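Please read the structure below before turning to the comments.
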Amino acid sequence: MPQNYLVLLAVFAAVAATALYFASARREFRIDARDPAQLARGRDVYEQRCAVCHGQRLEGQPNWRARLPNGRLPAPPHDDTGHTWHHPDEVLFAIVKNGLVPPYAPAGYPSDMPAFGQVLSDEDIRAVLAYIESHWSGEVVRVREEMLAQSRGGRR
């Protein structure tokens with residue numbers, strides 16, 4: 001009986017540790033477009049790393065939907081007119097961290113979007129995404145929440 005108790009205790013501890021790990025990993029993606037500290041940090045990161053391609057006002061490059069002579073697409077806007085808001089935070093985070101690579105683009109996809117994982121901390125990436133999201137209109141935020149809820153099977 002004591003050996004069964006120890007096995008049961010070990011299984012319970014493993015399940016609890018796994019649950020805590022996944023709960024904390026989920027919080028890691030918490031991006032809060034209303035957090036003044038996160039927004040200030042995000043503004044600084046955006047101005048230093050993103051604005052050169054995506055524009056000071058998040059407007060993107062001209063004709064961002066038309067391929068350049070080199071086959072690459074210009075940097076898209078991050079405001080309401082772009083498609084950034086169509087993607088879940090986890091996808092945006094991964095693209096900023098790893099670049100536009102599989103599974104977010106086909107293998108070998110030509111893109112000027114660099115991977116910032118060696119340059120920016122995870123906190124910096126979350127902050128810049130909060131800054132971008134803070135510029136979306138209430139209508140875009142509402143539509144995005146509905147769209148993402150549907151993709152998660154109705155869970156919010």
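The values are calculated or read from the model by the stated rules, or taken from the named source; none is laboratory data. This is a predicted model, so every value here is computed, not measured. Reconstructed Cβ throughout: ideal geometry from the backbone, glycine too, with neighbour counts over all protein chains shown.
SER121: surrounded by fewer than 18 Cβ atoms within 10 Å (Cβ to Cβ), at pLDDT below 95 and not acidic (Asp, Glu), yes or no? In short, no.
Filtering segment 29-57 to residues that are surrounded by 13 or more Cβ atoms within 10 Å (Cβ to Cβ), out of contact with any His (no Cβ under 9 Å at 6 or more places or on another chain) and assigned to a loop (DSSP other than H, G, I, E, B) leaves PHE29, ILE31, ASP32, ASP35.
Can you say whether ARG144 is assigned to a loop (DSSP other than H, G, I, E, B), in contact (Cβ under 8 Å) with a residue 12 or more places away in the chain and within 18 Å of GLY42 (Cβ to Cβ), as far as the supplied structure shows? No. Residues in segment 79-95 that are touching a helix residue (DSSP H, G or I) at 6+ places or on another chain (Cβ under 9 Å), of a type outside the set (A, V, I, L, M, F, W, C), in contact (Cβ under 8 Å) with a residue 60 or more places away in the chain and assigned to a helix (DSSP H, G or I): HIS86, ASP89.
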